[in-house]
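K.L.:
Could you have a look at this structure, given as structure tokens, before my questions?
None of the figures in this text is laboratory data; all of them are computed from the coordinates on show. The structure presented is a predicted model; accordingly, all values stated were derived computationally and were not measured. FYI the Cβ positions are ideal-geometry reconstructions off the backbone, even for glycines, and counts take in every protein chain you see.
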Ligand code: KG4
Ligand code: ZN
């Protein structure tokens, strides 16, 4: 049984072919980074138009790489929330059209649940129940994952998402867009202890996150308290700022995961979302997991950032007959069924 997965929630147009044993046959991602770079962030209308242009060629490419025809597809899965509404609607409309034309079931996948499920795909075996951390451009949330489709929220960000903080701090430091990879690169030659930036919500029992104070601290340290924009920092100072900022984010994420493991008594941690591509974070999570005697599941970079292979969570829905109606709505917000 073959599935076609579709992802258009933000600025990656993606399609994948996978089977009912969770084998990924093809995983194609067309990035829009170059289109958005000059705006310093993702512009929703630009993203939606680019999805419209790119989605059908991306689907064709996925089928071609998998060596299958459209008529071989037995179900169509689409990320329908959360995300940019105009962007999501392109993927949802295309998925409905294909499901009707092929007379196959339509499956609706929650993009955040799918980010956790990417770790299951790579593990090649069941990883549930586990603690799940999703750290992306739009979300930062910790879950107790009872199963692939039953996630209980333990904590989430009260303001900026971790990836959003990376992107905004990269702007402050004059490092461009997208910020995560740029800060990681800059931080390689920096001293993570050079600046002592705040770590928020670290009091006992709190599993929520806040990154906007950290971002403001970097802004004040860089440009001074009158906030009049000055030239971005350069040289060693910039590398130190990047490294110290990155360390503050990593410290908070790792510590909250440790607490979530202890609170739930679970011994497995699955991490997903674009920020999970961060090398420093991956290394620190691995060290913490070892101390806690927990298993860590982090997908390779290309399955951390947005992709359609993680829509293979739809196989679980298909197995339980949880099909989506043809009047399926896209939703910008995170809603759990
Ligand atoms: O999951 P994702 O591709 O899209 C959303 O669903 O938001 O995450 C994108 C975010 C961006 O904020 C980007 O700066 C961040 O992931 N990111 C990183 C790294 N690579 C991407 N953040 C830190 N370090 C990285 N290496
Ligand atoms: Zn995402």
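K.L.:
Rounded to the nearest 0.05, what FRET efficiency is calculated for residue 103 and residue 65 with R0 set to 41 Å and r the Cβ-Cβ distance?
P.N.:
Calculated value: 0.95.
K.L.:
Using a 7 Å offset from the Cα along the Cα-to-Cβ direction at both residue 146 and residue 39, what is the distance between the two label points in nm, to one decimal?
P.N.:
So the label points at residue 146 and residue 39 sit 4.0 nm apart.
K.L.:
By DSSP, what percent of the beta bridges with both residues in the chain are antiparallel, rounded to the nearest 5?
P.N.:
The antiparallel proportion sits near 60 percent.
K.L.:
Could you order peptides 74-80, 24-30 by the average number of other Cβ atoms within 10 Å of their residues, highest first?
P.N.:
With the highest mean Cβ count within 10 Å placed first, the list reads 74-80, 24-30.
K.L.:
Over what distance in Å are the Cα centres of the stretch 124-172 and the stretch 1-78 separated?
P.N.:
22
K.L.:
For the chain, set up a Gaussian network in which alpha carbons nearer than 10 Å are linked by springs, and say which option among 81, 310, 288 fluctuates the most.
P.N.:
In the Gaussian network model the winner is 288.
K.L.:
Place the peptides 110-123, 90-103 in order of packing, highest mean first, counting for every residue the other Cβ atoms within 10 Å and averaging per peptide.
P.N.:
110-123, 90-103
K.L.:
Can I ask one more? Mind pulling the angle between the C-alpha long axis of helix 85-102 and the longest principal axis of the chain? Nearest 10 degrees, somewhere in 0 to 90.
P.N.:
For helix 85-102, the angle is close to 20 degrees.
K.L.:
Here's something else I'd like to know. Once the cut-off is 13 Å, how many percent of the Cα-Cα pairs in the stretch 1-59 end up in the long-distance tail?
P.N.:
59
K.L.:
Under 1.5 on a/c is rounded, so check that first for the stretch 27-132, then, if it is not, pick prolate when a/b is larger than b/c and oblate when it is not; a ≥ b ≥ c are the square roots of the alpha carbon gyration tensor eigenvalues.
P.N.:
Details: a/c = 1.64, a/b = 1.12, b/c = 1.47.
Oblate shape, in that a/c is at least 1.5 and b/c is the bigger or equal ratio.
K.L.:
On average, how much area does the Cα convex hull of the stretch 128-301 cover when viewed from any direction, in nm²?
P.N.:
Dividing the Cα hull surface by four gives the mean projection, 9.6 nm².
K.L.:
Place a point 7 Å from the Cα of residue 156 along the Cα-to-Cβ direction; which residues of the stretch 201-238 have their backbone N under 17 Å from it?
P.N.:
From the stretch 201-238, the list is 207-212.
K.L.:
Could you sort the peptides 163-175, 4-16, 140-152, 253-265 by per-residue average Cβ neighbour count (10 Å cutoff), highest mean leading?
P.N.:
Answer by packing, highest mean first, reads 4-16, 163-175, 140-152, 253-265.
K.L.:
Taking the chain as the reference, fit the longest principal axis to its C-alpha atoms, fit the long axis of helix 111-123 to the helix C-alpha atoms, and give the angle between the two in degrees, 0 to 90, nearest 10.
P.N.:
On a 0 to 90 degree scale, this one is about 80.
K.L.:
Taking N as the number of residues in the chain, what value does Rg over Cα atoms divided by 2.2 N^0.38 Å take?
P.N.:
So the Cα radius of gyration is 0.99 times the expected 2.2 N^0.38 Å.
K.L.:
Then there's this: Which of 109, 42, 298 moves most in a GNM of the chain, Cα contacts under 10 Å?
P.N.:
Checking each option, the largest mean-square fluctuation is seen for 42.
K.L.:
Over the stretch 128-301, calculate the relative contact order: mean separation of alpha carbon pairs under 8 Å at least 6 apart, over the residue count, as a percent.
P.N.:
For the stretch 128-301, the relative contact order is 27 percent.
K.L.:
With everything on Cα atoms, drop me the angle between helix 235-264 and the longest principal axis of the chain, reported from 0 to 90° to the nearest 10.
P.N.:
60
K.L.:
On to the next question. How high is the relative contact order of the chain? Use alpha-carbon pairs under 8 Å, at least six apart in sequence, and give a whole percent.
P.N.:
Working: 749 pairs, mean separation 78.6, N = 337.
With pairs under 8 Å counted, the relative contact order is 23 percent.
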